[in-house]
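K.L.:
First the structure, then my questions, so here it is.
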Amino acid sequence: MKIAGTCVLITGASSGIGAATARALAARGASVVLVARSVERLTAVVTGIERTGAQAKAYAADLADAREVSRVARLIRDEHGVPDIVVNNAGAGRWLPIVDTSADELTAMVAVPFLAAFNVTRELLPGMRQRGTGHIVNVTSIGAFLVWPNAAGYIATRWAMRGFNEALRSELYGSRIGVSLVGFAQVSSSFWEHNPGSWERLPAAAHRLRTLTPDDAAVAIVEAIEKERRLVLRPRTIYLLRLLSTLFPRGTERSMWS
Ligand SMILES: NC(=O)c1ccc[n+]([C@@H]2O[C@H](COP(=O)([O-])OP(=O)(O)OC[C@H]3O[C@@H](n4cnc5c(N)ncnc54)[C@H](OP(=O)(O)O)[C@@H]3O)[C@@H](O)[C@H]2O)c1
């Protein structure tokens with residue numbers, strides 16, 4: 001889908017991958033609408049984008065709350081119309097062993113990214129269908145394809161993003177609304193600071209993969225939209241690892257403990 005001239009909603013755009021994606025899409029001529037909780041950080045991203053001459057607007061909302069999703073979606077529809085492109089990127093979740101994951105923490109991990117992506121999409125999809133065009137990107141992790149120990153809540157919610165993505169594409173079969181799943185291994189964003197204890201639980205094997213910058217991740221999201229890709233995984237080694245884990249599940253499992 002051509003990005004110039006579109007209106008793009010990016011969730012989780014106050015930092016990391018979302019902020020870099022907002023900047024990259026704005027640089028390609030999109031008018032960007034940013035959503036996250038932190039007003040201060042959103043304002044800083046918007047100011048940076050506006051300095052380049054591009055259009056950006058931010059809305060503060062806690063996407064873990066379905067009523068907040070409805071409220072902010074209504075505001076966005078009223079002030080910008082239904083976005084042409086939606087990037088479901090907002091996400092959090094500490095990597096913890098199952099027995100150390102409290103019920104409240106698990107609920108929060110399910111709420112964002114998974115419920116947030118589902119609820120945001122449900123709010124905006126009718127307008128996209130009415131218009132007949134659109135593109136939805138769902139951001140996930142390598143953990144949706146290849147699992148490692150001591151991050152069960154995180155991994156399960158990233159599988160949920162993958163499941164939601166595939167179900168959404170199936171519902172939209174035959175329409176002109178594209179759906180892309182974009183998955184990353186480690187990205188040097190503030191995710192690790194926001195989710196303490198996670199970096200320490202990276203399996204040794206993961207350190208052999210290239211760490212992406214948030215700008216690298218944004219390039220992958222832009223590619224998914226422009227080339228209307230079903231799936232984009234970065235670094236590309238993940239495609240091979242995904243195949244190896246299907247062919248040799250026991251060996252892959254063992255390698256995640258080394
Ligand atoms: N970093 C990695 O290595 C990596 C790898 C693979 C996949 N991912 C995925 O990529 C996504 C973005 O991560 P990131 O690396 O950019 O991390 P990040 O820097 O921590 O960014 C997370 C974004 O989500 C927003 N957010 C969190 N909870 C929210 C809520 N309840 N309501 C609204 N917004 C919320 C945060 O903003 P506020 O705090 O202002 O609300 C922030 O803008 C996540 O789903 C993550 O799992 C990351």
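K.L.:
What are the principal axis extents of the Cα atoms in region 7-257, in Å, biggest first?
P.N.:
Principal axes ranked by extent give 52, 40, 35 Å for the Cα atoms.
K.L.:
How would you rank 210, 51, going from fewest to most other Cβ atoms within 10 Å of each one's own Cβ? Walk me through the intermediate numbers first.
P.N.:
Values: 210 11, 51 8.
In order of increasing Cβ crowding within 10 Å: 51, 210.
K.L.:
Can you give the log10 of the normalised intensity I(q)/I(0) at q = 0.17, 0.26 Å⁻¹, computed with Debye over equal Cα scatterers of region 170-258?
P.N.:
Here log10 of I(q) over I(0) equals -0.88, -1.27.
K.L.:
For each of 154, 59, count neighbouring Cβ atoms within 10 Å of the residue's Cβ, then give the residues from fewest to most. If you can, show how the numbers build up before the last one.
P.N.:
On the way: 154 23, 59 20.
Taking fewest neighbouring Cβ atoms as first place, the list is 59, 154.
K.L.:
Here's another thing I want to ask about it. How high is the relative contact order of the chain, in percent, with contacts defined as C-alpha pairs under 8 Å that are six or more residues apart?
P.N.:
It comes to 20 percent, rounded to a whole number.
K.L.:
Output the 0 to 90 degree angle, nearest 10, between the alpha-carbon long axis of helix 66-80 and the longest principal axis computed from the alpha carbons of the chain.
P.N.:
Its long axis makes an angle of about 40 degrees.
K.L.:
Per residue of the chain, what 222 nm ellipticity follows from adding -39500 (n - 2.57) for every DSSP H run with n ≥ 4, rounded to the nearest 500? The partial results should precede the final answer.
P.N.:
Values: 10 runs with 118 residues, N = 258.
Mean residue ellipticity, 222 nm, calculated: -14000 deg cm²/dmol.
K.L.:
Between 241, 233, 124, which gets the highest mean-square fluctuation from a Gaussian network model of the chain, Cα cutoff 10 Å?
P.N.:
So, out of 241, 233, 124, the one fluctuating most is 241.
K.L.:
Near residue 132, within a Cβ-to-Cβ distance under 14 Å, what is the net charge of the other residues, with Lys and Arg +1 and Asp and Glu -1?
P.N.:
Numbers: positive: 129, 131, 176; negative: 84.
After counting each charged neighbour, the total is +2.
K.L.:
Calculate how steeply helix 16-27 sits against the longest principal axis of the alpha-carbon atoms of the chain, using the helix alpha-carbon long axis, and give the answer as 0 to 90 degrees to the nearest 10.
P.N.:
40
K.L.:
Taking springs between alpha-carbon atoms closer than 10 angstrom, which of 183, 143, 132 fluctuates most in the Gaussian network model of the chain?
P.N.:
Greatest mean-square fluctuation among the candidates belongs to 132.
K.L.:
What angle do you read, to the nearest 10 degrees and between 0 and 90, between the alpha-carbon axis of helix 39-51 and the longest principal axis of the chain?
P.N.:
60
K.L.:
For the chain, with the dipole built from +1 on Lys and Arg beta-carbon atoms and -1 on Asp and Glu ones, taken about the Cα centre, which of 116, 163, 173 lies farthest toward the positive end?
P.N.:
My answer, from the dipole projection, is 173.
K.L.:
Take the alpha carbon atoms of region 112-173, find their center, do the same for region 1-74, and report the distance between the two centers in whole angstrom.
P.N.:
First find each Cα centre; the distance between them is then 18 Å.
K.L.:
Given +1 on the Cβ of Lys and Arg, -1 on the Cβ of Asp and Glu, and no further charges, what dipole in debye does region 7-257 carry about its Cα centre, rounded to the nearest 20? Walk me through the numbers on the way to the answer.
P.N.:
Working: 29 positive and 22 negative charges, 144 e Å.
Approximately 700 debye in magnitude.
Bear in mind these aren't lab numbers, they're just calculated from the coordinates by the rules spelled out. It should be emphasised that the depicted structure is a prediction, and the values quoted were computed from it without experimental measurement. Ideal geometry is used to build each Cβ from the backbone, glycine not excepted, and the neighbour counts take in all protein chains shown.
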